[in-house]
1. For the structure I just gave you, tell me whether Ala73 is of a type in the set (Gly, Ala, Ser), more than 13 Å from the chain's Cα centre (by Cα) and on the phi < 0 side of the Ramachandran plot.
2. Please enumerate the residues belonging to the range 21-66 that are among the β-branched types (Val, Ile, Thr), under 22 Å from Gln87 (Cα atoms) and part of a helix (DSSP H, G or I).
3. Looking at (1) closer than 29 Å to Lys9 by Cβ; (2) touching a Gly at 6+ places or on another chain (Cβ under 8 Å), which is the only condition Glu61 fails?
4. Can Val16 be described as touching a Ser or Thr at 6+ places or on another chain (Cβ under 9 Å) and either free of Cβ contacts under 8 Å to residues at least 40 places away in the same chain or surrounded by 14 or more Cβ atoms within 10 Å (Cβ to Cβ) (or both)?
Amino acid sequence: MKLRDRLFKNRIKPIVITQFILLIPMLVFIYLSFTTYPVNLFFSGFVQIFLAISMFLMGIEQYILKKKGWSIACFIVSILVLVVAVQSFYVSTLN
């Protein structure tokens, strides 16, 4: 089985491509977050926002594919990650 078949089988292609596009800046912000000393919570907040958007897109995809349990779980996790991101931005402004 080819890698392309594994990534796109039973998935919605535009959503998968959007998730890969979001992965690139997320990796850059992860690198910037870990290479700065002390740890920069501003970059960490961006990583969490990109993760929340990706999880939200996954929830939309699962809802379209009629997998209700997975879609609800993805929506809940994306909201929780977004709340943590907002708290991270708030803490970064205190310093």
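The values are calculated or read from the model by the stated rules, or taken from the named source; none is laboratory data. Predicted model, so just to flag it, every value in this text is computed and none were measured. All Cβ positions, even for glycine, are placed from backbone atoms using ideal geometry, and neighbour counts span all protein chains on display.
1. yes
2. Once the filter is applied, which keeps residues that are among the β-branched types (Val, Ile, Thr), under 22 Å from Gln87 (Cα atoms) and part of a helix (DSSP H, G or I), the range 21-66 yields Val28, Ile30, Thr35, Val47, Ile49, Ile53.
3. Exception for Glu61: condition (2).
4. no
To keep it simple, each residue is scored yes or no on (1) over 11 Å from the mean Cα position of the chain (by Cα); (2) surrounded by 15 or more Cβ atoms within 10 Å (Cβ to Cβ); (3) modelled with pLDDT under 90.
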{"position": "Phe20", "(1), (2), (3)": "no, no, yes"}
{"position": "Tyr31", "(1), (2), (3)": "yes, no, yes"}
{"position": "Phe34", "(1), (2), (3)": "yes, no, yes"}
{"position": "Leu57", "(1), (2), (3)": "no, yes, no"}
